Amino acid sequence: MKLARGCLLGLLLVAPASSLAQGSLPPCIQVEGVARWGADAYNHFVRVTNGCDRPARCQVATDVSPAPQAIEVAPGRTVELITFRGAPGSGFTPRVTCEITR
């Protein structure tokens, strides 16, 4: 059972943005949740990639860190935001909403 749960968690972390992100995302925005082991715990990151022709203004939160953080992502760029340090587990779900600006 532990192996199956670990495989499922791995699939969740590499799943496409449309299955991870909660909220409104333009089709040219991709979101990925990444957990990295460090200092005896996991650090949670949310990576937002803007494939649009214009900048995007996004609100980033997770089920573990529900307070939203605002970021801006330039066209053709990726921003990685740490949302939680020292988590006992690697599982989390990004909750991202974005709007295209200008």
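The values are calculated or read from the model by the stated rules, or taken from the named source; none is laboratory data. Small disclaimer: the values here were computed from a predicted structure and weren't measured. Cβ sites come from the backbone with ideal geometry, for glycine too, and all protein chains shown count toward neighbours. When the accessible area is computed, the model is the full protein with side chains, heavy atoms only, and any ligands, DNA or RNA have been set aside. Shrake-Rupley method; radii C 1.70, N 1.55, O 1.52, S 1.80 Å.
Some values worked out for this structure:
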{"quantity": "Ser24 crowded, with 19+ Cβ neighbours inside 10 Å and of a type in the set (Gly, Ala, Ser)", "calculated": "no"}
{"quantity": "Selection count, the stretch 38-77, where residues are open to solvent by 60 Å² or more (accessible area, probe 1.4 Å), touching a residue at least 40 places away in the same chain (Cβ under 8 Å) and assigned to a strand (DSSP E or B)", "calculated": "2"}
{"quantity": "Tabulated pairs, the stretch 22-36, first over 14 Å from Gln59 (Cβ atoms), second at pLDDT below 95 and among the small types (Gly, Ala, Ser), C-beta under 7 angstrom, 6+ apart or interchain", "calculated": "Gln30/Ala17; Glu32/Ala17"}
{"quantity": "Ala87 farther than 18 Å from Ser24 by Cβ and among the hydrophobic types (A, V, I, L, M, F, W, C)", "calculated": "yes"}
